[in-house]
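Before any comments, here is the structure.
Read the figures in this text as sums done on the coordinates, not as results from a lab. Just so it is clear, the model here is predicted, and its values are computed rather than measured. We place every Cβ from the backbone using ideal geometry, glycine too, and count neighbours over all the protein chains shown.
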Amino acid sequence: MVEIIVDGKKIKAREGNYLLRELKKNGFKIPALCDHLAVEPWGGCRLCLVKITKEDWKGWSKIVASCLYPVEDGLIVLTKDKEVEEARKEVLNLMVARSPQTPKVLELAKEYGIEKTSYEEYKEPTDCILCGLCTRICDQLGMSAISLVGRGIGREVAPPFNLEPPDCIGCLSCAYICPTNFIKFEENEKKRKIWGKEFEKLLCKNCGCGIVTKAEAEYFSKKQGIDPTVFELCDKCKREIYSKKFEELQK
Amino acid sequence: MEKIYRVETYKCISCGKCELACGFAHSKDGKAGTSRIKIKKIGIEKGMPVVCFQCVEALCVKSCPVGALVRNEETGAVDLLEEKCIRCKMCVVSCPFGNIQWDENFEAVAKCDLCKGDPQCVPFCPTKALSYY
């Protein structure tokens, strides 16, 4: 553990850990849209900017994305500096230009005093802020069914060739991890549809309700080493069976 | 030493107070959460409470692909780190006892965490079917 100074307050942090996570752990509020504990940081949204300096840097300082900066001994961090606020404001300004109808972005922008972007708004506004959380979680789970494609203004999240992704197992992790709810899916008791691909759900043998998809159950039971027979019943039916068993034991 | 969360099923009168207490203890923004403890009625004023066993070799922990379910060394419970959870629902289907549920309201996994060492259901149980000592 090393000691760092954040906004004049001394805190203890583990050397080499990423700054943003250490700051969050210590209760500092820093805006970030592309950070999630389940994936490695990526520096996608550029909102977690902070100013860093050290005593022996002779007054020199720099602005870094705290999600990717490793903690060093004697670091002096400023999270509410004027330059930092301005840098974040500019990032949000650009984000509002891209996503002028996204509640999460507008909410953050309002905190920094932006009601309307000073840039030209996108002609086709999108909720996707290209934070890459969906593609990163998909990579981490071992599927890589979707990825960021294209460059510049045409960059987007998509399955290969915008067709049904062959590797997708329909686990919905991308949809739930999305900070702006851009990824849409349809779901009912028996089926689930995401990225244009339809999945059959694994149905409970007893009541017929489905919680996860067949592909998901198959993949994760293999990957995590779980006997697939435990997936046969839903949680409700399992509870029913076990409460009956306990009842018998009680007699 | 760790405390023990004890359920004496023969004392349960299926009044449902523990379910209410649990729902409120896990409420957010004024909305009650799904109760982690469930009572199955088995007769007049008789019930069978079913709640997470906090298994030593827990299948939910094994099934989680991102390690969002971890053992809390202080309470001995298996805690769900909500910030890490990706909501793939694998724990919901892998629990052999069905004690992990999907909370439709919050779109989150509902799992008993022994309220971080102070189970809220215990003081509300009128017959002391639930105890923590």
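In a DSSP loop and with at most 11 other Cβ atoms within 10 Å, the trypsin sites (Lys or Arg not before Pro) in the range A:1-102 are A:LYS29, A:LYS58.
Summarising the amide proton neighbourhood of B:LEU130: residues at separation of 5 or more, or on other chains, whose placed amide H is nearer than 5 Å comprise B:GLU8. Using only the C-alpha atoms, the convex hull of the range A:133-240 corresponds to 107 Å³ per residue.
With both residues required to sit in chain B, DSSP beta bridges show an antiparallel share near 100%.
With a 10 Å cut-off around each Cβ of B:96-102, the average count of Cβ atoms from other chains is 6.
In this model, which of B:LYS38/B:LYS84; B:LYS41/B:LYS128; A:LYS205/B:LYS40 are farther than 22 Å apart at the alpha-carbon?
Check vs 22 Å cut-off fails for B:LYS38/B:LYS84.
Taking every alpha-carbon pair under 8 Å whose residues sit at least 6 apart, chain A reaches a relative contact order of 12 percent. A viscosity of 1.002 mPa s and a temperature of 20 °C, combined with the Kirkwood radius over C-alpha pairs in the Stokes-Einstein formula, give the range B:25-109 a diffusion coefficient of 153 µm²/s. I need the calculated FRET efficiency for the pair B:GLU2 and A:ILE153, taking r as the beta carbon distance and R₀ as 45 Å, to the nearest 0.05. Efficiency at R0 = 45 Å is approximately 0.20.
Given the Cα atoms of the range A:3-146, and with Rh set as the inverse mean 1/r over their pairs in the Kirkwood sense, what is Rg to Rh to two decimals? Provide the component values of the computation, followed by the final result.
Numbers: Rg = 16.4 Å, Rh = 16.3 Å.
Ratio of gyration radius to Kirkwood radius for the range A:3-146: 1.01.
Taking chain A as the reference, fit the longest principal axis to its C-alpha atoms, fit the long axis of helix A:82-98 to the helix C-alpha atoms, and give the angle between the two in degrees, 0 to 90, nearest 10. Approximately 50 degrees, to the nearest 10. Ratio of Rg to Rh for the range A:2-81: 0.93 [Cα atoms; Kirkwood radius as inverse mean 1/r over pairs]. Here the 3J(HN,Hα) profile of the range A:161-171, calculated from phi with Karplus coefficients 6.51, -1.76 and 1.60 at θ = phi - 60°, is 6, 6, 9, 4, x, x, 8, 5, 10, x, 7 Hz, Gly and Pro shown as x.
Between A:LYS205 and A:LYS123, the FRET efficiency estimated from the beta carbon spacing at R0 = 45 angstrom works out to 0.30. Seen from A:SER221, the other residues with C-beta closer than 12 Å to its C-beta sum to a net charge of 0, counting Lys and Arg as +1 and Asp and Glu as -1. Averaging 1/r across all pairs of distinct Cα atoms in chain A and inverting the result yields a Kirkwood radius of 21.3 Å.
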